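Undergrad: So that we are looking at the same thing, I have put the structure below in structure tokens.
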Amino acid sequence: MHGYGQYILKRLGQFVLVVFVGISITFFVTHLTPIDPVETTISAAAAFGSTSPEAIAMLRETLRELYGTEGNVIQQYVTFWGRILQGDFGPSLSAFPTPVSELIARALPWTIGLLVTATIIAWVLGNILGGLAGYYRSNVLLKMSGVLAMGLHPIPYYIVAFVLLILFAYVWPIFPLSGGYRMNLAPRWDATFILSVLYHSILPALSLILVGLGSWFMGMRALVSNIVTEDYVQYAELGGVNRRRILSRYVMRNALVPQMTGLAMSLGAIFNGAIITEEVFGYPGIGSLLVDAVHAGDYSLVLGITTISIVSVAAAVLIIDLAYPLLDPRVKVA
Amino acid sequence: MRVVFDLLRTNIEFAIGMFLLAIVVIVSALSFVSPYEPDLIYVVFPDMPPSAEHIMGTTSRGQDTFWRLTFAMRNTLLFGLSVAILSRILSLLIGLVSGYLGGAVDRVLMSINDTFVVIPLFPILVLFYFVMRDSMSWVGLAIIMACLGWAYDARLIRSVTMSLRTREFTQQSVFSGMTTRQIVSQEHLPYVMPIVFSTTMNNMNWSIGLEVTLSVLGFTNINTPTIGTMIYWANQHTALVAGVWWWILFPVLMVVILFIGLFLLAVSMNEYIDPRSRLSRMKGAA
């Protein structure tokens, strides 16, 4: 058990480091640029809508506190961390006076729901198909899917999402153009609402799956075609072990270990993709919120979303890392 | 040079990749003979469909789509190349040092490395834009993205250097009194170069993809013609709804050609680097 404890400690350390570096970058971006964010934000907010003088005064105070424009850089840095650890980003400017944390809390379930489902489907499907394609090399159908995966893989999320939207919501309108659920529906836990949510999520999820699938497919196929030549696989084949059993127990299981690490490593990129997907499909998650916040000049909201994004991606990576020993028993022993 | 010809002959993916990339390079090179200034708008009749005079039609902003595209392609390509070169320098430095020295230096560098791999870059880039607004030029963006995008490849380079460290010629160099800097730059660098080239392609795909995305959302300097800003302006003028499809189609087509070209080059180079797969391909060709 000693090895496992040490492993967990190391992963926790990595989690803290990711959050620390990420938040520090955020701090330096906002503090060491020549532009004064407080006045920029206030002028943007004032231009954005009717704002009373008291509100502006309150804003300036909150912003000064949030940016910590009092004191030297180190003091500012400490204040910044204090704010973030409390999860307190002040009121949103574009949806004044709703707190930023509330806006994020409202949008986060949408993003996580879409992202987790799409990522899991893409990962599982890509690995199964890739494993099959690596093992049954002469199958024409699997070869074709390989070509398709290779062709789709290098195209960025935005383009794929955009083309899907044009094809299936504009040229051949079988899916809705935008939104997370039907417009005049009240968010409630009943069948109509849930079905509507599912229906609206098909296209965004599909775009994420299509793009994500390719890299898992190719990774798995390469891994499997290497493992197939290993002695223990050949031995099992000669020993007359059922081919299906060889594929699932001897080949796939071993190939899944690096694929799991790959999943943890690429989570940040997957998250980037989800943000963009949301904007293209008008999905009411963190991504749409971020884009709107930038256009509205809502500094505290942008800062809040950046911070939450970094922390949640780091947390997701930590969860995958902690589940890793289940797949690779060597970690427990080492 | 001989390698290139060999690859062209034996590797169909490499040939297709080169061909696609050549299209892109020729199109961007044509920007130097463009009859129109890149910054001018309303120089031709707007919203003209593709014709003999304007082979890709004209935009709603009164620009010739084709000539606009040549400038956009040039800038996009330059952007990707700058990010790739800058981040290659960083990843080479960190990968070589970390792999050769090992021990505590390696552990520290690699924890930092893994951190940068995981951090979601998009929100941070948006934050940069948010603070800098229009003072964010593409050069600035390239530098920022290079500083954030080196990590994945640094790990690759490190793993190669680690295996080189235990090889005999390294021992020999140490005994013959070469300094660490000499060993790393003269003995190990040549082994790492193929990886540097193949990751360049992937890195370009990554950075151009992010640039397109940021631009399409309007989060870069939208007055610089790039593929992303072209799509941005087309969206701003609701080109699809207005039926000006050529304004969207051609930039998207161009960037897809670029992506697939770069990707095929990276794949075929990776295969070339790995002797096992190169051998099996040669057998197949024979």
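Undergrad: Need the per-residue list for segment B:124-161: every residue with at least 50 Å² less accessible surface in the complex of protein chains than in the chain by itself, probe 1.4 Å, sorted by number.
TA: Flagged in segment B:124-161: B:I124, B:L127, B:F130, B:V131.
Undergrad: What does the convex hull of the alpha-carbon atoms of segment A:105-327 project to on average, in nm²?
TA: Approximately 14.8 nm², given one-decimal rounding.
Undergrad: Can you list residues from other chains, or at least 5 along the same chain, whose modelled amide H is less than 5 Å from the amide H of B:T58?
TA: Amide H to amide H, under 5 Å and 5 or more residues apart or across chains, B:T58 pairs with B:D47, B:M48, B:T65.
Undergrad: Follow-up. Using θ = phi - 60° and the Karplus relation 6.51 cos²θ - 1.76 cosθ + 1.60, list the HN-Hα couplings for segment A:4-21 in order, rounded to whole Hz, with x at every Gly or Pro.
TA: 5, x, 5, 4, 4, 4, 5, 5, 4, x, 5, 4, 4, 5, 4, 4, 4, 5
Undergrad: Is the shape of the protein assembly as shown best called rounded, prolate or oblate, per the rule: a/c under 1.5 gives rounded, else a/b larger than b/c gives prolate, else oblate, with a ≥ b ≥ c the square roots of the Cα gyration tensor eigenvalues?
TA: Details: a/c = 1.41, a/b = 1.22, b/c = 1.16.
Rounded, because the longest to shortest axis ratio a/c is under 1.5.
Undergrad: Taking all pairs of different Cα atoms in segment B:1-81, averaging 1/r and flipping that mean, what Kirkwood radius in angstroms comes out?
TA: It is 14.3 Å.
Undergrad: If you average the C-alpha positions of segment B:15-87 and of segment A:5-32 separately, how far apart do those two centres end up, in angstrom?
TA: Measuring centre to centre over Cα atoms gives 42 Å.
Undergrad: Skipping prolines and chain starts, which residues have an amide H placed within reach, meaning under 5 Å, of the one on A:G282, given they are 5 or more residues away or on another chain?
TA: Under 5 Å from the amide H of A:G282 lie the amide H atoms of A:G179, each far enough along the sequence or on another chain.
Undergrad: As a test of reading the structure, rank A:R244, A:R60, B:R107, A:R221 by solvent-accessible area (1.4 Å probe, protein chains only), most first. Intermediate results must be reported in sequence, preceding the final value.
TA: Details: A:R244 185, A:R60 90, B:R107 160, A:R221 60 Å².
Of A:R244, A:R60, B:R107, A:R221, the descending order of accessible area is A:R244, B:R107, A:R60, A:R221.
Undergrad: Along segment B:85-90, what does the Karplus equation 6.51 cos²θ - 1.76 cosθ + 1.60 (θ = phi - 60°) give for ³J(HN,Hα), rounded to whole Hz, x for Gly and Pro?
TA: Result, ordered by residue: 5, 4, 6, 4, 4, 4 Hz.
Undergrad: Out of the trypsin sites (Lys or Arg not before Pro) in segment A:76-166, which ones are loop residues according to DSSP with at most 16 other C-beta atoms within 10 Å?
TA: Filter output for segment A:76-166: A:R137.
Undergrad: Modelled label-to-label distance, A:S248 and B:V108, 7 Å Cα→beta-carbon offset: nm?
TA: So the label points at A:S248 and B:V108 sit 4.9 nm apart.
Undergrad: May I pose another question? If we sort B:15-23, B:195-203 on the protection proxy, mean other Cβ atoms within 10 Å, highest first, what's the order?
TA: Answer by packing, highest mean first, reads B:195-203, B:15-23.
Undergrad: Taking a ≥ b ≥ c as the square roots of the eigenvalues of the Cα gyration tensor of segment B:41-82, is the shape rounded (a/c under 1.5), prolate (a/b larger than b/c) or oblate?
TA: Because a/c hits 1.5 or more and a/b exceeds b/c, segment B:41-82 counts as prolate.
Undergrad: Taking chain B as the reference, fit the longest principal axis to its C-alpha atoms, fit the long axis of helix B:227-236 to the helix C-alpha atoms, and give the angle between the two in degrees, 0 to 90, nearest 10.
TA: 30
Undergrad: Please compute the average number of Cβ atoms from other chains found within 10 Å of each residue's Cβ in peptide A:266-274. Working shown, then result.
TA: Working: counts 3, 3, 8, 9, 1, 6, 9, 4, 2.
Going residue by residue through A:266-274 and averaging, the value is 5.
Undergrad: Shielding of B:260-269 by partners, i.e. mean partner chain Cβ atoms within 10 Å per residue?
TA: Numbers: counts 6, 1, 1, 5, 3, 0, 1, 4, 0, 0.
Mean shielding count: 2.
Undergrad: In whole angstrom, note down how far apart the Cα centers of segment A:217-269 and segment B:124-164 are.
TA: 33
Undergrad: Would you pull out the residues with amide H under 5 Å of A:T98's amide H, same chain only if 5 or more places away, H placed 1.01 Å from N?
TA: Under 5 Å from the amide H of A:T98 lie the amide H atoms of A:S92, each far enough along the sequence or on another chain.
Undergrad: By the scheme Lys and Arg +1, Asp and Glu -1, what is the net charge of all other residues having a beta-carbon under 12 Å from that of B:R155?
TA: Local charge sum for B:R155: -2.
Undergrad: With each label point set 7 Å from Cα along the Cα-Cβ vector, what nm distance links B:F169 and A:L322?
TA: 4.7
Undergrad: Determine ³J(HN,Hα), in whole Hz, for all residues of segment A:169-174 in sequence, where each value follows from phi through the Karplus function 6.51 cos²θ - 1.76 cosθ + 1.60 and θ = phi - 60°; x replaces Gly and Pro.
TA: So the Karplus estimates, Gly and Pro as x, are 10, 10, 6, 10, x, 9 Hz.
Undergrad: If R0 is 30 Å, what FRET efficiency do you get for A:M144 and A:I174 from their C-beta distance, rounded to 0.05?
TA: 0.75
Undergrad: I need the shape label for segment B:76-203. Rule: rounded when a/c is under 1.5, else prolate if a/b > b/c, else oblate, with a, b, c from the alpha carbon gyration tensor.
TA: Prolate, since a/c reaches 1.5 and a/b exceeds b/c.
Undergrad: Set the Förster radius R0 to 41 Å, insert the Cβ-Cβ distance between B:A52 and B:D6 as r into 1/(1 + (r/R0)^6), and round the FRET efficiency to 0.05.
TA: That gives a FRET efficiency of 0.45.
Undergrad: Give me the one-decimal nm value for the distance between modelled label points at A:I74 and B:A22, 7 Å along each residue's Cα-to-Cβ direction.
TA: Each label point is offset 7 Å from its Cα along the Cβ direction, giving 6.2 nm.
Undergrad: Which residues in segment A:284-325 place their backbone N less than 19 Å from a point set 7 Å from the Cα of A:S52 along the Cα-to-Cβ direction?
TA: Correct set: none at all.
Undergrad: In peptide B:209-217, what is the residue-averaged number of other protein chain Cβ atoms found within 10 Å of each Cβ?
TA: Mean partner-chain Cβ count within 10 Å for B:209-217: 6.
Undergrad: Under a 1.4 angstrom probe, counting protein chains only, how are A:Y170, A:Y135 ranked by accessible area, largest first? Show your work: numbers first, answer last.
TA: Numbers: A:Y170 105, A:Y135 15 Å².
In descending accessible area the options line up as A:Y170, A:Y135.
Undergrad: Then there is this: From the protein chains alone at 1.4 Å, what is the descending order of accessible area for A:S92, A:S52, largest first?
TA: Of A:S92, A:S52, the descending order of accessible area is A:S52, A:S92.
The values are calculated or read from the model by the stated rules, or taken from the named source; none is laboratory data. On a predicted model such as this, the values are computed, not experimentally measured, just so you know. Don't worry about glycine lacking a Cβ; one is built from the backbone with ideal geometry, like all the others, and counts go over all protein chains shown. Note: accessible area is taken over every heavy atom of the protein model, side chains too, but ligands, DNA and RNA are not part of it. Shrake-Rupley method; radii C 1.70, N 1.55, O 1.52, S 1.80 Å.
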